[in-house]
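These notes concern the structure reproduced below.
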Amino acid sequence: MLDTVLVLGSGTMGRGIAQVAATTGLTAILHDASAAQLKGAVAEIEKSVAKLAEKGKLTAEQASGLKSHLVVCESLDAVEWKRVDVVIEAIIENFDAKTELYRQILPRFRPDTILASNTSSISITKLAAATDRPARFIGMHFFNPVPLMALVELIRGLATDDVTCETIEGLARRMGKTPLRCNDMPGFVSNRVLMPMINEAAYALMEGVATEKNIDEIMKLGCNFPMGPLTLADFIGIDVCVNILEVMHRDLGDPKFRPCPLLRKMVDAGRLGRKSGRGFYEYGGKA
Ligand code: CAA
């Protein structure tokens, strides 16, 4: 029975993953080298848990369990490695940064510990090949905001074994999520389908088909999307969208994934979406 999950990286995704693990009865160790980032993560987790409890989406027991189930840790030396069943890596989307971190942590793993990456665009097979356990390496792709989104996309690399798939599927269910499997191809399923829509919305804006607001409202009211594609692009981060499109354009070789020039221009201008205070829309200061 899985008990302890180590989450590496306390950015938006890592803190959400640790929150969900801790409120579903697992011990969640949240690691980040930055003390300031960890402090911010804990404050945000507490706020989110209080809100979910207030709305009845978490029981009083789950909410009060947070304190005893969440452990934060600034140093990899302070982690009790023998207790760690699964490591979920959620650091920046950079192959070298991820594999350098794996190099530091893998010698501390128990032989049966599974390493899962929350990457949204890097090949699981390629990341797995940089470890000593490609069979026990898997993609575990969560969606933002993690506490509210039901899906975990499970990405099987070329060498991932059945036990790893089943174990991580069980872990995702235990965290209250719906795991759905797919194979390792650029963009997996979610971004292969979502990003061309966001890209096309940017082309529609660039070509003057409609205003930002009307493109978003047409897709919201006409397709029942919770957010229009341009609002969603701001939410995800324009730089993240461009990066994922570039990976699919390069690795699938299909021009349909070519990032819209307007998206590139926005990245050059620093209009990265909510996180920079401005993307397709303005957010009144840094969000
Ligand atoms: N914790 C607790 N509560 C939260 C929260 C969090 N992390 N994030 C938002 N909420 C709360 C809001 O504060 C709000 O509370 P109030 O009702 O008290 O105001 C409530 O949830 C609902 O928010 P909204 O009023 O904005 O209403 P909504 O119905 O639009 O729900 C949403 C918000 C769930 C984010 C919804 O808009 C949605 O599903 N949007 C699409 C999100 C999406 O597609 N995410 C995937 C992005 S792609 C990705 O992550 C992967 C990748 O690889 C790029």
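Quick look at the values:
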| item | result |
| --- | --- |
| Residue match in the range 160-177 (condition: within 13 Å of the ligand (Cβ to nearest atom), touching a residue at least 60 places away in the same chain (Cβ under 8 Å) and not basic (K, R)) | no |
| Given (1) in contact with a Ser or Thr (Cβ under 9 Å, 6 or more places away or on another chain); (2) at pLDDT below 95; (3) not aliphatic (A, V, I, L, M), index of the condition G285 fails | (1) |
| Candidates T211, T160, T178, T164 - the one that is among the hydroxyl-bearing types (S, T, Y) and not assigned by TED's automatic domain parsing to the domain that holds D85 | T211 |
| Top-ranked residue of the range 134-156 - restricted to ones that are in a loop (DSSP other than H, G, I, E, B) and touching a residue at least 40 places away in the same chain (Cβ under 8 Å), ranked as farthest from the ligand (Cβ to nearest atom) | V146 |
| Pair list, Cβ < 7 Å and 6+ apart or interchain, from the range 3-27 residues that are on the phi > 0 side of the Ramachandran plot and modelled with pLDDT under 95 to residues that are more than 14 Å from the ligand (Cβ to nearest atom) and assigned to a loop (DSSP other than H, G, I, E, B) | none |
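The values are calculated or read from the model by the stated rules, or taken from the named source; none is laboratory data. As the structure is a computational prediction, the values presented were derived from the model and not from experiment. Cβ atoms come from the backbone with ideal geometry, glycine included; neighbour counts cover every protein chain shown.
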